[in-house]
Amino acid sequence: MADVARAAGVSHQTVSRVLNDHPNVRPETRTRVLTAIDQLGYRRNLLARALVTKHSRTLGVVSFDTVLYGPASTVYGIERAAREAGYFVSIVSLRTIDRAGVRDAVDYLAGQSVDGVVVVAPQRSAARALADLPPDLPAVAVEGGHSGDVSVVSVDQAEGGRLATQHLLDLGHATVWHVSGPADWMEAEGRAEGWRATLRAAGRPVPEPLAGDWSPRSGYEAGRVLAGTDGVTAVFVSNDQMALGVLRAFAERGVRVPEQVSVVGFDDIPESAFFSPPLTTVGQDFGAVGRRSIEVLVRQIESSRAGPRERFVVPPRFVARASTAPLR
């Protein structure tokens, strides 16, 4: 910093003001300092800054090692929002999300002096682990259900299930069958709740759901069952990857989509527009989830006292394509 000050012909304090974006610096002085910074290749000593400000400008993210579109896109949305807010991100990916794993991951991140943590907690086992977070560590849970003292940002999964089911009922289908996600996942639970509540509100039969595990193979197995079941004209599948398996099973059994059976998925993965037929689905705004999570976390970090826990729900969006049609 002293080298920059000499090259720009200003004081050490002026360089500090420029680096901290202080308003009381003349534009020509700011330009001179920034030019000197570029010429000298100056880089800020983040460790020294953290010792002075008590903030590392680093956030921790606890997630789990997965290629599933939803959780992976959630982590990407959080990381991008953090960078836009001026924070670095340290990510800990766990093989399985359980209480001990989350506790160890948070302890590790706290040891790295992160300013706060985001825990991606779509499973009940992960949500239970939030009770172990240090009370003085700013924290936000994503898809964490009603996680006690921890602020939560989530997509309205039940509304997504309602949108999918109501669309199929509006097309004239007497009821809607459901291929659900794993039982421990709160996202799967919310989507099933929206499906079930919509059918009951309309006075329609509620078929027994078929359980999947998010994979195309489990959707394929469910699709084979549905293809051999009388009276199936509409199916809501809890994610697009399982819906792909359902479509494959129907095609093998000669069941035409959407002429004989309409199918709706969930997630709006990039490939869903290129399924055969293109998949009607429910999309999630992972960018909005990331921005909200970081906004809530930064408010906690910058506050001198613990504020009330917040809960933000991001609405889903319905995406109509060619895999649904009026009942004939």
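The values are calculated or read from the model by the stated rules, or taken from the named source; none is laboratory data. Being a predicted model, the structure only gives us computed values, none of them experimental. Here Cβ is always computed from backbone atoms with ideal geometry, including for glycine, and neighbour counts include all displayed protein chains. Just so you know, the surface numbers come from the protein's heavy atoms only, side chains and all, with ligands and any DNA or RNA stripped out. Shrake-Rupley method; radii C 1.70, N 1.55, O 1.52, S 1.80 Å.
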For Arg311, residues with placed amide H under 5 Å, excluding near neighbours: Val152
Rounded tilt (10° steps) of 216-227 against the dominant C-alpha axis of the chain: 20
Most to least accessible of Met1, Met242 (protein chains only, probe 1.4 Å): Met1, Met242
The chain: most fluctuating residue of Phe266, Phe236, Phe275 per GNM, C-alpha cutoff 10 Å: Phe275
Listed peptides 157-164, 28-35 by packing density, highest first (mean Cβ within 10 Å): 157-164, 28-35
Per-residue HN-Hα couplings for the range 197-207 [Karplus 6.51, -1.76, 1.60; θ = phi - 60°; Hz; x = Gly/Pro]: 5, 5, 5, 5, 5, 8, x, 9, x, 10, x
Relative contact order, percent, the chain [alpha-carbon distance under 8 Å, six or more residues apart]: 16
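Beta carbons within 10 angstrom, averaged per residue: use that to sort the peptides 243-255, 198-210, 106-118, highest first. Spell out each step's value before the answer.
Details: 243-255: 20.2, 198-210: 14.7, 106-118: 18.6.
Most protected by this proxy first, the peptides run 243-255, 106-118, 198-210.
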Carbon and sulfur %, accessible surface of the chain computed with the full protein complex present, 1.4 Å: 51
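Could the peptides 219-225, 79-85 be put in order, highest first, of the mean number of other beta-carbon atoms found within 10 Å of their residues?
Numbers: 219-225: 22.3, 79-85: 17.1.
Answer by packing, highest mean first, reads 219-225, 79-85.
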Contour excess over end-to-end distance, with Cα ends at Tyr76 and Ser113 and 0.36 nm allotted per residue: 11.1 nm
Separation of the Glu310 and Asp104 label points, Cα + 7 Å toward Cβ, nm: 3.3
Within the chain, helix-based [θ] at 222 nm, where runs of 4 or more DSSP H residues each add -39,500 (n - 2.57), nearest 500: -13500 deg cm²/dmol
